[in-house]
1. For residue A:63, place a label point 7 Å out from Cα along the Cα→Cβ vector, do the same in each other copy, and report the separations in nm, one decimal, smallest first.
2. With r defined as the distance between the Cβ atoms of residue A:105 and residue A:6 and R0 fixed at 41 Å, what FRET efficiency is calculated, to the nearest 0.05?
3. Just the Cα atoms of the protein assembly as shown, one point each, no solvent: what log10 I(q)/I(0) does Debye give at q = 0.10, 0.14 Å⁻¹?
4. How many partner chain Cβ atoms sit within 10 Å of a residue's Cβ in peptide A:126-133, on average, as a whole number?
5. Would you please name the GluC sites (Glu not before Pro) within segment B:20-67 that are DSSP coil residues with at most 11 other C-beta atoms within 10 Å of their C-beta?
6. If you average the alpha carbon positions of segment A:22-52 and of segment B:53-129, how far apart do those two centres end up, in angstrom?
7. Please rank B:14, A:1, fewest neighbouring Cβ atoms within 10 Å first, as an exposure proxy.
8. Give me the inter-chain shielding for B:105-113: mean count of other chain Cβ atoms within 10 Å, whole number please.
There are 2 protein chains.
Amino acid sequence: MRLSTKAQYAVRAMVSLHLHGTGAPVSLRDIAVREEISLQYLEQLFSKLRRGGIVDSVRGTGGGYVLARTATDIRVDEIIDSVEETLVPVSCMDDSGRCSCSEQCVTHNVWQGLAEGIRGYLASYTLDDLTRQAQTKWSGPSA
Amino acid sequence: MRLSTKAQYAVRAMVSLHLHGTGAPVSLRDIAVREEISLQYLEQLFSKLRRGGIVDSVRGTGGGYVLARTATDIRVDEIIDSVEETLVPVSCMDDSGRCSCSEQCVTHNVWQGLAEGIRGYLASYTLDDLTRQAQTKWSGPSA
DNA sequence: AAATTAATTGACAGTTTTACTCAGGTATGA
DNA sequence: TCATACCTGAGTAAAACTGTCAATTAATTT
Ligand code: FES
Ligand code: FES
């Protein structure tokens with residue numbers, strides 16, 4: 001049960017965007033260099049992040065991307081949703097935990113509980129949580 | 001982030017084995033018919049479940065498989081481990097949560113926490129929990 | 001002993017998903 | 001008008017997944 005690299009890259013890229021952003025737009029080229037992700041792959045990712053309402057784009061010279069909301073208001077599960085990776089561990093179940101089996105199958109409860117656990121955990125993490133950890137980490141063992 | 005059908009089938013097959021077992025070995029043919037899983041695919045799965053110490057095999061006429069331990073002592077995470085599906089959501093991290101990044105990467109904590117959550121949840125479920133739910137379910141809404 | 005049942009093994013192929021790349025186009029600021 | 005940077009959709013190679021096939025070994029029943 002692996003998260004796709006797409007989802008992992010999306011989270012890393014968002015951290016990078018927030019961490020190195022001074023309010024001015026950050027270009028994908030910068031992120032690509034810093035995180036060693038191909039520029040063209042990033043374009044694909046950010047196109048979805050924009051449609052997901054996570055970031056806003058600024059075109060033209062000096063353009064790039066900025067957060068669409070404050071970092072304390074962007075949850076990790078939203079980022080993953082935006083790049084279209086499901087967080088439900090079984091294909092028979094939709095996002096709200098409903099399943100074709102009408103709860104009659106023996107394994108329904110495990111999978112539903114697992115789905116809720118994963119969703120809940122990732123929803124408790126904000127982009128700001130991630131970046132603050134990064135900063136305290138780089139400034140030494142102050143935490 | 002999907003669990004493979006291999007893992008899902010393994011869990012279902014184990015429930016079937018326990019639920020319809022009277023102590024005597026249950027043949028894969030029975031499980032195959034009941035759960036509508038191909039016999040040959042089941043063979044592949046149970047070969048791994050045996051190596052994982054979850055079931056014991058009995059060869060010859062009247063043979064089949066039996067639980068290697070009591071159902072209250074078989075955890076769902078063990079079943080999934082046996083069929084060789086990882087429960088760690090990122091490839092850079094091993095089962096004990098150690099990672100090549102030496103905890104310096106910004107996303108380490110999220111993934112490690114997620115891994116622990118998934119493992120912990122599935123370890124709290126035993127095979128017996130699953131089958132008891134199935135029985136109360138089939139006997140009506142008594143729960 | 002012979003026949004039958006059933007586990008056991010390893011190889012193999014079809015399909016799907018992933019993880020990208022490529023080739024263009026469009027909007028903006030200098 | 002030129003450089004920058006976002007934007008889009010198509011295409012592709014590799015990997016993973018899902019399952020099948022063939023052949024063997026071991027135990028039991030007749
Ligand atoms: S068939 Fe999906 S949980 Fe029951
Ligand atoms: S590189 Fe794996 S969590 Fe840091």
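1. 6.9
2. Taking R0 as 41 Å, the efficiency between residue A:105 and residue A:6 is 0.85.
3. Computed log10 I(q)/I(0) values: -0.63, -0.99.
4. 2
5. B:36
6. The two parts, judged by their Cα centres, are 35 Å apart.
7. Listed from fewest to most nearby Cβ atoms, that is A:1, B:14.
8. Rounded to a whole number, the mean comes out at 6.
Bear in mind these aren't lab numbers, they're just calculated from the coordinates by the rules spelled out. What you see is a predicted model, and the numbers here were worked out from it, not measured in a lab. Glycine gets a Cβ as well: all are built from the backbone with ideal geometry, and neighbour counts include every protein chain shown.
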